[in-house]
Amino acid sequence: MHRQNIPAARPRLKRKSGSGQFILATILLLVTVLCALPIELVFAAAFSDEEMLTSQGFMFFPSRFSLDGFNAVLRYGKQLFISYGVTIFVTVSGTVLGLIIMAMFAHTLTAKSFPLRHFLTIWAMIPMLFSGGQLSTYIIYTSMYNLRDNLLVLILPLCVSTMNIIILRTYIHTSIPKELTDSARIDGAGEYRTFFQIVLPLMKPSLAAVGFMMATAYWNDWQNALLFITSNNKKPLQLLLINIQKSIETLLSTRNIPSSALVAMQGSIPQYSATMATVVMVIGPIMIVYPFFQKYFIKGLTIGSVKG
Amino acid sequence: MKKQLQLLWGHRAQVIMAMPVFLIFLFFSYVPMAGLVLAFKDFDYKLGLWQSPWNGLANFKFLLASKQTFLQMTLNTVMYYLIFTAAGMLLEIAIAIAMDQLAFKRLGKVMQSVLIVPIFISYTAVQFIVYAFLSSNTGIINNLFGSSTRWYMEAKYWPVILTVVKLWNGTGYGAVLYMSVLAGIDQQMYEAAQIDGANKWQQIRHVTLPSLLPMMTVMLLLSVGSIMHSDTGLFYQVTRNSGTLYSTTQVIDSYILNAIFHNSNFGFTAAATFFQSVVGTILILLSNAAVRKIHPENALF
């Protein structure tokens, strides 16, 4: 899509804001509330009193609040902090690495004179159409590459994707004037310099969009972790959540909790609220970051859907 | 040959810049594709993928011998694909059009933001949310209706449950694409339609829907290739991988995941994987060819 083809924004038709509009708004509002309630439930449960949860069940608006869940998780959940570290490390390094190498790749695809342009385009397209499937991937990663219990297996396979390359390429194509890179070359800037000093800084909006999508993919990746990671000190948050489903004690090894604290918690671990508190800790960061990236993210989605 | 190498040498900077992505695709996408030969091998972990002996079509015979399992998971996979695609697209378009028609733009922006959020919650976390609704003692549904259904034991409810979860998770995100198309429609088209005496519904039918068609085609085409693949997290995590639910919740992907964990039935699984990859690719090529025939400009490639 070329910029000049987009019709200049015209003021929208004046719409009658009669009763029809209010019905429409009410329906949409209802949908939105229905959509938000399950998320609200997690927060409500995380701050609920454990006794109330077990006797009366989960509630959207709990009658008794308590911080026991968070207390237990934050004070005795050593594993949570290790997992936080792992997830942050994987997310940041994977996203940065992926953005740089995909931006470079996309940049080479836009140079008309580059003889490998078509070959590389096809090379990047085929994985979108055809894949080896989980089983052969699993066997090759473990028996050929020896990536079992190695953090690289969480980083490398997710760091490039065809869709993201298309988004970046389309962005360079439509939003970075050819004259700019050409004149840089004429002024004697090498290929690297042209890319790192001119193209890359101008790509910021598309990098923000792709970066956010990549970061959430890394943050939420549970399958690779479940398949390949075995040791506790490499366990990312999502794997921790899976383990908690089986028993909250994975998180709060009872041995570490002093008996005085156990007495204060009425002899038992606040299971439901502590679990939900952990869920809040896992999904919280994305919810906090999302509003800042929303604008770019929506733009990126839109670019990606227009085939370049 | 020499000339070509010289040409490449002239572009060595570009070659180097393209290299990392090239290599990652090679090692993490293309080599596993070669791993599909597993379907024709008698896999032995000690011998590794390449050294394991060939066994012809034995794995596929095995697949046919345990038809029951295979048919059921294939059927489930396709059924969920159809439900999710049809219901998802319908709801996404409905929401997109409703948002576009809404006069209160500020409110629309806020609602849109909220609707997208669920896609960012991983199924491992969604699983706990679903549990809060369905747990037999403490769950919201049982409390609300005073019932004591043991949801995680009753396979018949799960097609509905999974559809609701999937729609909750993906609809807001899917609607964004259609909304961006709608925002790009030239307002003159609506003005012209109005002058011709078209009412709101007629405008939607004759202006809005036709302009959504290209995007719908692209989305359908992209999804057809993954008809044999499922949102593994939905079927593996949200169901808590409960064996009693398998009759309605086991899809090919979750079966394979289970097989890997139990280290069992590699022959059967390899054949199923092969089937899954090949069918997906054939379908996407076929449907792309079909679209190319009818609307060349909407084809993917």
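The values are calculated or read from the model by the stated rules, or taken from the named source; none is laboratory data. Owing to the predicted nature of the structure, the values given are computational and were not obtained by experimental measurement. Neighbour counts are summed over all protein chains in view; Cβ atoms, including those assigned to glycine, are modelled from backbone coordinates with ideal geometry.
Out of B:THR163, B:THR149, which single residue is surrounded by fewer than 19 Cβ atoms within 10 Å (Cβ to Cβ), in the same structural domain as B:ALA94 (by TED's automatic domain parsing) and touching a Ser or Thr at 6+ places or on another chain (Cβ under 8 Å)? Steps first, answer last, please.
Numbers: B:THR163 fails: touching a Ser or Thr at 6+ places or on another chain (Cβ under 8 Å).
After applying the criteria, what remains is B:THR149.
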note = Condition set touching a helix residue (DSSP H, G or I) at 6+ places or on another chain (Cβ under 6 Å) and small (Gly, Ala, Ser), scope the stretch B:18-58, selection farthest from the other protein chains (Cβ to nearest Cβ): answer is B:ALA39
request  = Report, by residue number, each residue of the stretch A:145-160 that is more than 10 Å from chain B (Cβ to nearest Cβ) and under 14 Å from the mean Cα position of the chain (by Cα).
outcome  = A:LEU154, A:ILE155
query = So is A:ILE122 over 30 Å from B:GLY10 (Cβ atoms) and surrounded by fewer than 20 Cβ atoms within 10 Å (Cβ to Cβ) or not?
reply = no
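Among the residues of the stretch B:176-202, write down those that are within 20 Å of B:MET89 (Cα to Cα) and either more than 10 Å from every other protein chain (Cβ to nearest Cβ) or in a loop (DSSP other than H, G, I, E, B) (or both). Show your work before the answer.
So in the stretch B:176-202, the residues within 20 Å of B:MET89 (Cα to Cα) come out as B:176-185, B:201.
Those that are within 20 Å of B:MET89 (Cα to Cα) and either more than 10 Å from every other protein chain (Cβ to nearest Cβ) or in a loop (DSSP other than H, G, I, E, B) (or both): B:LEU182, B:GLY184, B:ILE185, B:TRP201.
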inquiry  = B:LEU257 - would you say it is on the phi < 0 side of the Ramachandran plot, within 16 Å of the chain's Cα centre (by Cα) and buried (at least 16 other Cβ atoms within 10 Å of the Cβ)?
reply    = no
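Just for helices (runs of 4 or more DSSP H) wholly inside the stretch A:12-110: which have at least 3 residues that are under 30 Å from A:ASN232 (Cα atoms), assigned by TED's automatic domain parsing to the domain that holds A:ILE172 and at pLDDT 95 or above? Full working, then the answer.
Values: elements: A:19-46, A:50-56, A:68-76, A:78-110.
So the answer is A:78-110.
When only residues in the stretch A:124-177 that are among the aliphatic types (A, V, I, L, M) and touching a Leu at 6+ places or on another chain (Cβ under 6 Å) count, which is nearest to A:SER83 (Cα to Cα)? I'd like the intermediate steps shown before the answer.
So in the stretch A:124-177, the residues among the aliphatic types (A, V, I, L, M) come out as A:124-126, A:128-129, A:135, A:139-140, A:144, A:147, A:151-156, A:158, A:160, A:163, A:165-168, A:172, A:176.
Narrowing further to those that are touching a Leu at 6+ places or on another chain (Cβ under 6 Å): A:139, A:153, A:176.
On the way: A:ILE139: 26, A:VAL153: 16, A:ILE176: 40 Å.
Only one residue tops the list, namely A:VAL153.
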query = Taking the stretch B:1-17, which residues are in a helix (DSSP H, G or I) and either facing another protein chain (nearest Cβ under 10 Å) or in contact (Cβ under 8 Å) with a residue 24 or more places away in the chain (or both)?
reply = B:GLN4, B:LEU7, B:LEU8, B:GLY10, B:ARG12, B:ALA13, B:GLN14, B:VAL15, B:ILE16, B:MET17
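Could you check, for the stretch A:117-139, whether at least one of its residues is assigned to a loop (DSSP other than H, G, I, E, B), assigned by TED's automatic domain parsing to the domain that holds A:LEU207 and among the aliphatic types (A, V, I, L, M)?
Of the stretch A:117-139, the ones assigned to a loop (DSSP other than H, G, I, E, B) are A:130-132.
Then drop every residue that is not assigned by TED's automatic domain parsing to the domain that holds A:LEU207, which leaves A:130-132.
Now narrow it down to the ones that are among the aliphatic types (A, V, I, L, M): none.
No, the conditions are met nowhere in the stretch A:117-139.
The rows are residues; the columns are (1) under 21 Å from A:PRO157 (Cα atoms); (2) away from every other protein chain (no Cβ under 11 Å); (3) in a helix (DSSP H, G or I); (4) out of contact with any Gly (no Cβ under 6 Å at 6 or more places or on another chain).
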position	(1), (2), (3), (4)
A:THR174	no, yes, yes, yes
A:GLU179	no, yes, yes, yes
A:TYR192	no, no, yes, yes
A:PRO201	no, yes, yes, yes
A:LEU207	yes, yes, yes, yes
A:MET213	yes, no, yes, yes
A:TRP219	yes, no, yes, yes
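Listed here are the residues, each with its yes/no results for (1) buried (at least 19 other Cβ atoms within 10 Å of the Cβ); (2) modelled with pLDDT under 90; (3) assigned to a helix (DSSP H, G or I).
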{"residue": "B:SER247", "(1), (2), (3)": "no, no, yes"}
{"residue": "B:GLY267", "(1), (2), (3)": "yes, yes, yes"}
{"residue": "B:ALA271", "(1), (2), (3)": "yes, no, yes"}
{"residue": "B:PHE274", "(1), (2), (3)": "yes, no, yes"}
remark   = By residue number, the members of the stretch A:88-139 that are at the interface with chain B (Cβ under 7 Å from one of its Cβ atoms), among the hydroxyl-bearing types (Ser, Thr, Tyr) and touching a Lys or Arg at 6+ places or on another chain (Cβ under 9 Å) are A:THR108
request  = Having 1 or more residues that are of a type in the set (D, E, K, R) and surrounded by fewer than 16 Cβ atoms within 10 Å (Cβ to Cβ) is the bar; report the helices (runs of 4 or more DSSP H) wholly within the stretch B:19-118 that clear it.
outcome  = B:58-65, B:67-101, B:105-116
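Could you list, in sequence order, all residues of the stretch B:236-262 that are free of Cβ contacts under 8 Å to residues at least 12 places away in the same chain and more than 10 Å from chain A (Cβ to nearest Cβ)? Before the answer, list the steps.
Initially, the stretch B:236-262 is screened for residues free of Cβ contacts under 8 Å to residues at least 12 places away in the same chain, giving B:243, B:259-262.
Matches in the stretch B:236-262: B:GLY243, B:HIS262.
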query = Is it the case that some residue within the stretch A:151-169 is out of contact with any helix residue (DSSP H, G or I) (no Cβ under 7 Å at 6 or more places or on another chain) and not in a loop (DSSP other than H, G, I, E, B)?
reply = yes
